[in-house]
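Participant: Mind having a look at this structure? Questions to follow.
The values are calculated or read from the model by the stated rules, or taken from the named source; none is laboratory data. Predicted model, so just to flag it, every value in this text is computed and none were measured. Cβ sites come from the backbone with ideal geometry, for glycine too, and all protein chains shown count toward neighbours. Accessible surface is based on the protein model in full, side chains and every heavy atom, while ligands, DNA and RNA are left aside. Shrake-Rupley method; radii C 1.70, N 1.55, O 1.52, S 1.80 Å.
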Amino acid sequence: MQFNKHRYITILLKCCFILFVSCTNNNFKKWPLGSKTQTDSIFKITDPYFEYNKVLQGLVLMDSIYKKIKNPTGFDYIRLLKKHAYINGIGITKEYNEEIKYADSGIHFILQQGFEKEMIQDLLSLYNYKAFAYFGQKNYAKATDVLFEARKFVKETNTACAAQETPYYLGMFLYKQQAFEEAIKYFKECVIYNSFCITNDWNTKYANQELLDNIGLCYTKIKQYDSADVYYAKDIAFVEKYKDSLATDQSTNYMRYTSSKGVIYGNWAKVPAAQNNIDSAIALYKQAIYYHKLSGIEYEDAQYCKVQLAELYYRKQQWKLMFATLQDVNSLLHKVYKADVEFEYNRLMYLYYQAQKNNAGELKYYQQYITYRDSLSGEDKKLFKTNIDKELKDKDQQLQIQLLQKNNQLNKIYLWVTIGLIVMALAILFLVYVNYKRSKKNVRQLLILNSEISEQKLQLEFAKTQLEQSNTDKDRILNVVAHDLRNPISGVAAIVPTILEEENADEQKSIITLAENTLNHALKLINQLLQSNTASKLLLNKQIFDIHELIRSSLYLLKLKAEEKQLVIEMELPEHPSPVNFDKEKIERVLHNLINNAVKFSQPNNKIIIQLLQHSDNIVITVKDFGIGIPEQEQEKIFERLTTLRRKGTSGEESFGMGLSICKEIVEAHEGKIWVESIEGKGSTFYVQLPYKKI
């Protein structure tokens, strides 16, 4: 029920947040920066909710307060985004995709508004939250990239207080990856940054005690217990020194002071426990539990401390204390449920009843323990693997001790059996040696045969690859032929009705001549495409011609199509002719395809602009339309061979996805380049840049 409640509130918060942010974001570029002190005072009422782990209620209240602000400032908006990002990722919901969205919104807002210097701390926090989200998704490469991007701002601003969060998160990521020695370096770097800010910043003081505790934990993990003791002692001394300045108000300050000491003592207890100094470990755990009780908030950490304390009582066979401690664990589970704590609770209860020879109790908790273990997800199994392995190892050691105690007389038998096995092993080795000598020649022959078979296999695979490539080339040629014949033939189809309607004999003769030229052009295309079936590289037949006239003739062939849609085609050409040395037929194919596409995808009653720009070393031809445009994610794919992208024209014209790939091959064969700039729904502009030498 608890999970469903949180899920419901989270969904409600998202809807509310999207609604009022969409309303307030209309004047995005006009927001004032505001005052951070003023923002702190506005949202101060929400602080207790987040301090006492009532984060969802705190977010609801924060959203409500923000919605009532008539003229929100930049600091107000960023405070809201940061809190949403933090709660969605690092908080209790673990909605990493939402955390990334909120973080990106905040980063974009700060960079667009030009608040980098004033908001460097907020900017770095948002980068760190984003990195944490990627880490939670196990996308470690992106998490690292984001953190190093944050470090770039740290170097540019040279702000020590703002810089401390980035090495903190790097240390936390390395800690979770169990790279404890590397994590220590980043935690210590963060402590150095904090030393510049501790005097006046209560939040930095509270963060610093966590860093000292983390360093102690890392030293504990790598079994450098003396160093761990030093840092735990430093941490306790630090908390005592600043016991009255860990927060802004007295009640929150006391809560932070007591909970910090509880966490430190709980982690410190792991050192004597690992060194089998059980009494010292028990004393430290009791201190930890005492301070957690005073704080009134650290239910989770108190559960872990009590579970580990019960484990120590088990090791000392203090059954009454073990049972009483486990009952306290059970009561805490009703306040804050933790699956791993309940897992350990069932395991220890099972061990307790086993020691008490209470078969019914032992069976009950053993079944619950096994049920929990088998129902764990893959990540949880990995998390609890250490405990399970330890339990199995302990059981195996106990069994070995019992067997040795009850069966000392069997040692002699094992000895004789061992001697017999050694004799048998020697006999087997002798037989293996004899067989090896006999089979050595056979093995050599088998190796030769295997080598020959492998070589034949490689030859067959090569032949198969060549055949597949040949089939692919054949299909491409057929598709190209079909596509390139469409333009001239469709041009002829457009001319024929004109011939039938015209009464002027001279005009008919001119149109028929144009149709003849068009069909001759189609025949040339077929010959060129058939030649490309055998040529590995596109062959060019360069000649000198006027590019102006080529553009006009290409346009004339498609003029009738344009008139059907009532399109106006405008040409912007230089006054003087531009003689060039290109393959005229192939460049004409490029112009046909680009102009035909512009006509095909333009809305009726619109226009198309064709422009020729002449520079000292190149010419640029542009074909611009105001049609349906191309989606951004598809713009790089339209030039691919045999692309699967198909879009019908505005009048239902078919598209085969071949024309632009042909254009690219021709332009690149002329050592030029082709590209597109397009906005979906507003039109496209295709650019063809070709090298130019004055003739």
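Participant: Leaving out ligands and nucleic acids, note down the accessible area per residue over segment 240-314 with a 1.4 angstrom probe, in whole Å².
Facilitator: 42
Participant: Would you mind pulling out the separation of the Cα centroids of segment 443-457 and segment 51-74, in Å?
Facilitator: Cα centroid to Cα centroid, the span is 75 Å.
Participant: Normalised radius of gyration for segment 553-611, please: alpha carbon Rg relative to 2.2 N^0.38 Å, two decimal places.
Facilitator: Ratio of Cα Rg to 2.2 N^0.38 Å: 1.20.
Participant: Mind ordering 128-139, 171-182 by average Cβ neighbours within 10 Å, highest first? Display every interim value, and only then the final one.
Facilitator: Values: 128-139: 21.6, 171-182: 16.6.
So the order, starting with the most tightly packed, is 128-139, 171-182.
Participant: Further question on the same structure: Using packing as a proxy for protection, rank 452-458, 265-271, 289-295, 601-607 so that the peptide with the highest average count of other Cβ atoms within 10 Å comes first. Mind showing how you got there, number by number?
Facilitator: Numbers: 452-458: 10.0, 265-271: 23.4, 289-295: 19.3, 601-607: 15.9.
Going by the mean number of other Cβ atoms within 10 Å, highest first, we get 265-271, 289-295, 601-607, 452-458.
Participant: Using θ = phi - 60° and the Karplus curve 6.51 cos²θ - 1.76 cosθ + 1.60, what whole-Hz ³J(HN,Hα) does each residue of segment 167-181 get, with Gly and Pro shown as x?
Facilitator: 3J(HN,Hα) across segment 167-181, in whole Hz: x, 4, 5, 4, x, 5, 5, 5, 4, 5, 8, 6, 8, 5, 5.
Participant: Could you pull out every residue, at least 5 positions away or on a different chain, whose amide H is within less than 5 Å of the one on I608? Hs are placed 1.01 Å off N in the peptide plane, and Pro or chain starts have none.
Facilitator: V568, I569, E570
Participant: Leaving out ligands and nucleic acids, note down the accessible area per residue over segment 537-624 with a 1.4 angstrom probe, in whole Å².
Facilitator: Values: 4190 Å² over 88 residues.
Accessible area per residue, segment 537-624: 48 Å².
Participant: Could you tell me the accessible area of E677 in Å² (1.4 Å probe, neighbours in place), rounded to the nearest ten?
Facilitator: Number for this one is 100 Å².
Participant: May I pose another question? Pop out the carbon and sulfur fraction of the accessible area of segment 278-323 as a percent, whole number, probe 1.4 Å. All intermediate terms of the calculation are to be shown ahead of the outcome.
Facilitator: On the way: 1210 of 2260 Å².
With neighbouring chains kept in place, the figure for segment 278-323 is 53 percent.
Participant: Which peptide among 549-556, 56-63 comes first, and what is the full order, when sorted by highest mean count of other Cβ atoms within 10 Å?
Facilitator: My ranking of the peptides, most packed first, is 56-63, 549-556.
Participant: Okay, moving on. Are any of the pairs K70/K142; K44/K261; K54/K205; K270/K412 more than 32 Å apart by Cα-Cα distance, and if so, which? Don't skip to the answer; put the middle values down first.
Facilitator: Values: K70/K142 38 Å; K44/K261 25 Å; K54/K205 23 Å; K270/K412 43 Å.
Checking Cα-Cα distances, K70/K142; K270/K412 exceed 32 Å.
Participant: Give a residue-ordered list of calculated ³J(HN,Hα) values for segment 659-673 (Karplus: 6.51 cos²θ - 1.76 cosθ + 1.60, θ = phi - 60°; whole Hz; x for Gly, Pro).
Facilitator: Result, ordered by residue: x, 6, 5, 5, 4, 4, 4, 5, 4, 5, 5, 8, 6, x, 8 Hz.
Participant: Based only on the alpha carbon positions, what is the Kirkwood hydrodynamic radius of segment 261-382, in angstrom?
Facilitator: 14.8
Participant: Computing the accessible area with a 1.4 Å probe over protein heavy atoms, can you report the carbon and sulfur percentage for segment 558-694?
Facilitator: Numbers: 3190 of 6900 Å².
About 46 percent, which is the carbon plus sulfur part of the accessible surface.
Participant: What fraction, in whole percent, of alpha-carbon pairs in segment 566-688 exceed 22 Å separation?
Facilitator: 33
Participant: Please list W675, W416 in order of solvent-accessible area, largest first, computed with a 1.4 Å probe with all protein chains present. Numbers along the way, then the final one.
Facilitator: On the way: W675 75, W416 180 Å².
Sorted by accessible area, descending: W416, W675.
Participant: To continue, here is another question. Report, by chain and number, residues whose modeled amide H sits under 5 Å from the one on N618, excluding near sequence neighbours (fewer than 5 apart, same chain).
Facilitator: Y692
Participant: Residue-wise, which Karplus ³J(HN,Hα) couplings in Hz belong to segment 444-456, taking 6.51 cos²θ - 1.76 cosθ + 1.60, θ = phi - 60°, and x for glycine or proline?
Facilitator: 4, 5, 5, 4, 5, 4, 4, 4, 5, 5, 4, 5, 5
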